[in-house]
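The values are calculated or read from the model by the stated rules, or taken from the named source; none is laboratory data. Not measured: the values here are computed from a predicted model. Cβ coordinates were reconstructed from backbone atoms using ideal geometry, including for glycine residues, and neighbour counts include every protein chain displayed.
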Ligand code: AP5
């Protein structure tokens, strides 16, 4: 099964992607995590992406498409994948479909995690992440067992620069203008399933598993 997780920033895509990839044995590809790793390693792509990410706007489609298509191309033909944060524009969705078709692959389900702008803002301003393994925590809603440390590897948790309130507001504007049109794109192809992202983490996981089991 090949899956896309859609939804606004802070909807819980990263939180759910780890659980769903484990449950269905999928390769998890997060465009945001890959870009942050490129930045950390100070690659040319990371350098180019930095100014866009810090402003809360999208990195240009051609850079993202070649990065993500390259990553998908490395996955064994028999293995499924879960895309988190990609595609995010109609040009990316069309580019993805063309490349997958050429490779004899396709998307089987698109899960849209639905959440209001108000809750998104609360979620992002309380978020902490592990720079080592990408696990995500929230100071109120899902705190780590030991304060400030990743449950899995013990690494000190960090906050993302783009979680500052002014950048969150820009990320939400970008989402409504550029990513929401994907809902119609995938609905028209009969692939979309909406899931309520305001429920507890385990309830959201159960809802996503349910719509994926139907594939
Ligand atoms: P990216 O890293 O993809 O950020 P995003 O999509 O804005 O999503 P987030 O990672 O912020 O949120 P999430 O939905 O994963 O939520 P999470 O699980 O962390 O992108 C960053 C930037 O990179 C973009 O702005 C852009 O510049 C660039 N970029 C990336 N992909 C691109 C692309 N395809 N094209 C162009 N540019 C691209 O949860 C959030 C918080 O809520 C956490 O604290 C979590 O613990 C908590 N939480 C989660 N679920 C629940 C729940 N059910 N109840 C209570 N709390 C919860």
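The set of residues in region 73-110 being within 19 Å of residue 28 (Cα to Cα), more than 8 Å from the ligand (Cβ to nearest atom) and part of a helix (DSSP H, G or I) consists of 73, 93, 96, 97, 99, 100.
Within the option set 10, 56, 32, 70, being free of Cβ contacts under 8 Å to residues at least 60 places away in the same chain, within 22 Å of residue 93 (Cα to Cα) and near the ligand (Cβ under 7 Å from one of its atoms) holds for one residue only, 32. For the condition more than 8 Å from the ligand (Cβ to nearest atom) and surrounded by 15 or more Cβ atoms within 10 Å (Cβ to Cβ), residue 136 does not qualify.
Of the helices (runs of 4 or more DSSP H) lying entirely inside region 146-215, those containing at least 3 residues that are over 22 Å from residue 106 (Cα atoms) and touching a residue at least 24 places away in the same chain (Cβ under 8 Å) are 165-174, 201-213.
The requirement of being surrounded by fewer than 20 Cβ atoms within 10 Å (Cβ to Cβ), within 12 Å of the ligand (Cβ to nearest atom) and farther than 16 Å from residue 135 by Cα is not satisfied by residue 65.
Can you go through 88, 39 and tell me which one is in contact with a helix residue (DSSP H, G or I) (Cβ under 9 Å, 6 or more places away or on another chain) and at pLDDT below 95?
On the way: 88 fails: at pLDDT below 95.
Criteria check complete, one pass: 39.
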